[in-house]
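Note sheet for the following structure.
Read-outs: derived from the displayed coordinates by stated rules, not from any lab. Please read all numbers here as calculations on a predicted model, not as lab measurements. Here the Cβ positions follow ideal geometry from the backbone for every residue, glycine too, while neighbour counts run over all protein chains shown.
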Amino acid sequence: MALQGWSNVVGVLTGANLTVSDLIKVTASLTNAADYPVYAKVRGAYLGGHKPTSTLLVVAALALPAWKFEIEGVAVTAK
């Protein structure tokens, strides 16, 4: 779940000629707190040493019952 989400974020950034270094804010939602260790590991792998402002929410449900994870990123560049 987290791999696909972060892959999508990187894809959108790449399409805009940006990288994860341009992220200034990340908001993620999990429907199961037990998934946090996996999410944190994947997040770390994608962000490396970059540390955007981050919010993680554990929620009862997302828009569709099959969804277990959702991520939103805000990126800014001076390019």
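Pairing residues of segment 1-24 that are at positive phi and exposed (fewer than 12 other Cβ atoms within 10 Å of the Cβ) with residues that are of a type outside the set (Phe, Trp, Tyr) and assigned to a loop (DSSP other than H, G, I, E, B), at Cβ distances under 8 Å and at least 6 apart in sequence or on separate chains, gives 17/79.
When segment 1-57 is filtered for residues that are in a loop (DSSP other than H, G, I, E, B), under 19 Å from residue 77 (Cα atoms) and touching a Leu at 6+ places or on another chain (Cβ under 9 Å), the ones remaining, listed by number, are 19, 50, 52.
Annotation: of all residues in segment 30-75 being within 27 Å of residue 18 (Cα to Cα) and of a type in the set (Gly, Ala, Ser), the one that is surrounded by the fewest Cβ atoms within 10 Å (Cβ to Cβ) is 49. Select from segment 8-35 the residues that are over 12 Å from the mean Cα position of the chain (by Cα) and polar (S, T, N, Q) and write down the one among them that is nearest to residue 54 (Cα to Cα). Going through the qualifying residues, I end up with 21.
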